[in-house]
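Where a number appears in this text, it was derived from the coordinates with a stated rule and is not lab data. Values in this document were obtained by computation on a predicted structure and should not be read as measured data. We place every Cβ from the backbone using ideal geometry, glycine too, and count neighbours over all the protein chains shown.
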Amino acid sequence: MYENDAAPKASVVIPTYNRAGLLRDTLHQLTRQTVPAGDFEVIVSDDGSSDETADVVREFTDRLRIRYRFQEDRGARIALARNQGARLATGRVLVFLDTGAMVGPGFLRSHLAVHDAAEPRAVIGYAFGYNPSDPMRQLAGPLDLSEPEAVWERFRDDPAFRDIRHEQFTGCGFDLSRRRTPWSMLFTINFSVDRAAFWAIDGFDEQISGWGGEDLELGYRLHRDGVAFHSTYDGWVIESSHERNMDVSFSEFISNMAQILAKHPQPAMELGWALVGWTRPFWDWEKEYRALEEWTAEVGGASVAGELAASLGEVLAGSRIAVFGSGGDIPSDLPPSVLVEFDRGLLDAALAGGAHEGHHSIGLRTPLADGAVDTVVITSRLSGLWKRWGDDLTAEAGRVGRRVINLAA
């Protein structure tokens, strides 16, 4: 058995489930790292495998500082598996790696180099061949026959070999501090984070199960907590092609994003929820969030009190009302209503009197139940977002209200 009493610099956490062959390949690549073997430990966190996963881990006990943790198979509990692995970690840096992610010899050295700073960091690594909905199946043979660096050399100029996030990386020059939504790029196929920063926000949300979203949600909380996001191109991985049922996976992702929005009911996450799905442009999250910020600045504190007062003449006495785009200036004769506003400061001002219920939201998806109100008023404060989001706003207004008064179109 490999023995070393010194504390490791990094703890590599690999969740796995019934992929013993791919796990063996990933562990083999970790034996080839250019950092000393004593500088890192490997923790395999098994989500209930019934194959020879435990035997594969034992094969590497003389070459890696490795531990194994098993949890009963109760469905895909990947967030819990990652947290359970991280609970065993002793390194300052947690490195999350997917089973079947093939790493080059400089993988850990590159990640650790980015973490060589006083402040805690989150590091998103490049993943060649990573495109779940359109995997690069021609990589299977070369990865079986050659080491990852040889495969990288062979395919590096092939556009199909690029990370699905390639345009997002290059769009900010690989400088994630230039992005307003750096968390939207966080996939745990290749990711590292300061261990103290990870546990300061309680790690992954273990209530999220199935495929997709738990990594984005973790990233959102890290960003909100002030952790700086960085990237590493040199600390790359290559994804090994493996079978996925993307219909099931996307269904789980959509469900998880709804759960995440319920946990973080505010415009940035609302946009993410609205952009998930087969026909939705998920990678527009950054662009759409910037557009929202620009419109918020442009419309400023514009009052819609006049148009709200006028619309009351069309509302039956005693009706329940929701206002999408309420602003902060509310008519004194507006009966107790539900105010939906994308500017947090204005919403707080509107709610100061205590008469109304409020939600920090654009109106794409609110916490309101179906048919919660009689009338929804969509104000002109949403006019600058109408071209892009008009259909979604109309649909949500129709879901929560029996009648819609549209002043934004």
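Laid out as a table, the results:
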read-out: Sorted peptide list for 154-166, 71-83, criterion being average Cβ within 10 angstrom, highest first; value: 71-83, 154-166
read-out: Those aspartates and glutamates that a straight Cα-Cα span of less than 15 Å connects to Lys263, excepting residues fewer than 8 apart in one chain; value: Asp202, Asp205, Glu206, Glu214, Asp215, Glu217
read-out: Peptides ranked, highest mean first, by Cβ atoms within 10 Å: ranges 210-216, 256-262; value: 210-216, 256-262
read-out: Pairwise Cα inverse-distance average, inverted: Kirkwood Rh of the chain (Å); value: 23.2
read-out: Restricting segment 220-302 to trypsin sites (Lys or Arg not before Pro) in coil, as DSSP defines it, with at most 13 other Cβ within 10 Å; value: Arg244
read-out: Contour minus Cα-Cα distance for Ala6 and Arg32 (0.36 nm per residue); value: 7.4 nm
read-out: DSSP bridge pairs, segment 10-244: antiparallel proportion in percent, nearest 5; value: 30
read-out: Cα Rg, Dmax (largest Cα-Cα span) when computed across segment 1-141, Å; value: 14.9, 44
read-out: Rh (Kirkwood; distinct C-alpha pairs) - segment 249-349, Å; value: 15.6
read-out: Förster-model FRET efficiency, 41 Å R0, Arg178 and Asp247, C-beta, rounded to 0.05; value: 0.70
read-out: Beta bridges by DSSP in the chain, antiparallel share as percent, to the nearest 5; value: 20
read-out: Rounded, prolate or oblate (a/c below 1.5 giving rounded, otherwise prolate when a/b exceeds b/c) for segment 10-244 by Cα gyration tensor; value: rounded
read-out: Check: segment 190-261 dipole with +1 on Lys, Arg Cβ and -1 on Asp, Glu Cβ, in debye; value: 180
read-out: Global form of segment 113-233, assessed from the alpha-carbon gyration tensor, a/c cut-off 1.5; value: prolate
